[in-house]
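One structure below.
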Amino acid sequence: STMRERKATDPLHSSTDLSEGKEKLRLKQEVGLISGVSLIAGTMIGSGIFMSPEWVLHHMGNPASSLLIWAACGLLAMFGALSYAELGTIIKESGGEYIYILRIFGSFPAFLFAYTSVILVRPAGLAAVCLSFAEYAIAPFYPGCSSPQVVVKCTAAACILILTIINCLNVRLATSVMNIFTAAKLLALLVIVVGGLVLLAKGQTQSFQNGFQGTTAGVGAVGVAFYQGLWSYDGWNNLNYVTEELKKPEVTLPRAVMIAIPLVTCLYLLVNVSYLAAMTPSELLSSGAVAVTWGDKVLGSWAWLISLSVALSTFGSSNGTFFSGGRVCYIAAREGHMPDILSMAHVRCLTPSPALLFTSVMSLVMITSGSFTSIVNFFSFMAWLFYGMTISGLLYLKIKKPELPRSYKVPIIIPIIVLMAAVYLVLAPIIDQPQIEILYIVLFIFSGIVFYFPLVRFKYHPRFLQRVTLHLQLFLEVAPTTRDAN
């Protein structure tokens, strides 16, 4: 059937053989500690650190409080990732929030998450990062003027298509690309950090004098500043999307989190200090591309290196986003919440190519989306809504099912802090500055009800979809897969 029927088993220990006695296909366990750190850090360090600093400063009003926001965002990302690490050692399945919501709260909320994530959130996030890549990649070809939007969108589309080919061919190839581009972007950030330290040593500290003067006190403004900062940290949970592809997940998952997130947080703080050492707050606020302005001021004729570095950074980040985003689609289909074809893997490459192709198509559609800041704000609203639900599931397991085996435990105060932050981030902007777009997002989430009850709950499967699935299976050379029984 197009939507696969599930057996009623213990939701925390269910394991269904999808191949029905035939030779089993599994995704390979090829993600080790170094690749895990690269997946987290490489996805986190994308367009955000090169575009969000001016918006955090704009909403907070001064340099010192904006640096506090960056530090608080790093701490919140660390707390969230540690909480997810415990969930990943209890429920050793890929899929991130989707699989945790499914196993803890049941089918309906998990379907709403998958529906929203697969159709809107992940493609929109990938489109935003690829558009950022395109802006910086073609900027050197249009000096002194803005790049034509047609060229920007065509370049972003080409980026998505290249990522599709890489990720469909081989998991090891995709992780190798992540490792290489993560190393490149870390070197680029180190150049900015060293440049800033040199400027500070020369006495350029005027931006930090009276650093807290004019701090914004509005609840909503602080919430939106967090949105912009947290966009730069987005990806802290990416390793949970590929748990079944990790080597020794009970060890690799917590270790990768503890290495990657503090590293990224320190780099972000030092990069922001470097920006403020090179520019006054007013110059930073008026800069359309903070990193490029920094390069013009500090590197002079070598400023083109910054545009190249940002292009490399955003390409690597979009690869990580694509790698994990395709897994959500794949896992949701494997659980019967998406068309069956999306749960299959290529018979030779052993990659979830139909799910990756679907994510690619949706991202290409999203390239025509709105502005960078609007995408970030609404992406963050939806993301933290589901992060909060997932963290509340961890608290439920810690209180109600402490006997479940887990190789890593996080102190209960940490998920409580993350849950309180999630509630604040969802409610603060609505209370302070309600926008009609938030209502549209909520309506979109609940529009999933229209599809859930006939297709999943009552299992109505039109026959023509079965024929379409069969033809696609033959054309794409894919077959059903089964999860590892960890």
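The values are calculated or read from the model by the stated rules, or taken from the named source; none is laboratory data. As the structure is a computational prediction, the values presented were derived from the model and not from experiment. Remember, those area values only see protein heavy atoms, side chains included, never the ligands or the DNA or RNA. Shrake-Rupley method; radii C 1.70, N 1.55, O 1.52, S 1.80 Å.
Heavy atoms only, 1.4 Å probe, whole protein assembly: order Arg348, Arg122 by accessible area, highest first. The partial results should precede the final answer.
On the way: Arg348 160, Arg122 30 Å².
If we order Arg348, Arg122 from most to least accessible, we get Arg348, Arg122.
Just how much of Asp432 is accessible, in Å², when a 1.4 Å probe is used and the result is rounded to the nearest 10?
70 Å²
Past the 32 Å Cα-Cα mark, which pairs from Lys247/Lys401; Lys248/Lys401; Lys153/Lys202; Lys153/Lys185; Lys92/Lys153?
Details: Lys247/Lys401 26 Å; Lys248/Lys401 24 Å; Lys153/Lys202 42 Å; Lys153/Lys185 23 Å; Lys92/Lys153 38 Å.
Violating the 32 Å limit, Cα to Cα: Lys153/Lys202; Lys92/Lys153.
Which semi-axis lengths, in whole Å and largest first, follow from the square roots of five times the eigenvalues of the Cα gyration tensor of the chain?
Square roots of five times the eigenvalues give 38, 25, 21 Å.
Please report the relative contact order for segment 33-480, taking Cα pairs under 8 Å with a sequence separation of at least 6, and give it as a percent rounded to a whole number. Numbers along the way, then the final one.
Details: 683 pairs, mean separation 151.4, N = 448.
Contact order relative to length: 34 percent.
Over the chain, give the accessible area per residue in Å² for a 1.4 Å probe, as an integer. Intermediate results must be reported in sequence, preceding the final value.
Values: 19570 Å² over 486 residues.
Accessible area per residue, the chain: 40 Å².
Computing the accessible area with a 1.4 Å probe over protein heavy atoms, can you report the carbon and sulfur percentage for the chain?
Details: 13200 of 19570 Å².
The C+S portion of the solvent-accessible surface of the chain is 67 percent.
Heavy atoms only, 1.4 Å probe, whole protein assembly: order Phe379, Phe323 by accessible area, highest first. Walk me through the numbers on the way to the answer.
Working: Phe379 25, Phe323 0 Å².
Largest accessible area first, the residues go Phe379, Phe323.
If you average the C-alpha positions of segment 344-368 and of segment 439-484 separately, how far apart do those two centres end up, in angstrom?
What the calculation gives is 15 Å, centre to centre.
Alpha carbon centre of segment 104-161 versus segment 169-201: separation in Å?
Segment 104-161 and segment 169-201 have Cα centres spaced 21 Å from each other.
Just reorder Phe464, Phe113, Phe444, Phe105 by solvent-accessible area, largest first, 1.4 Å probe, all chains present. Show your work: numbers first, answer last.
On the way: Phe464 110, Phe113 15, Phe444 55, Phe105 90 Å².
If we order Phe464, Phe113, Phe444, Phe105 from most to least accessible, we get Phe464, Phe105, Phe444, Phe113.
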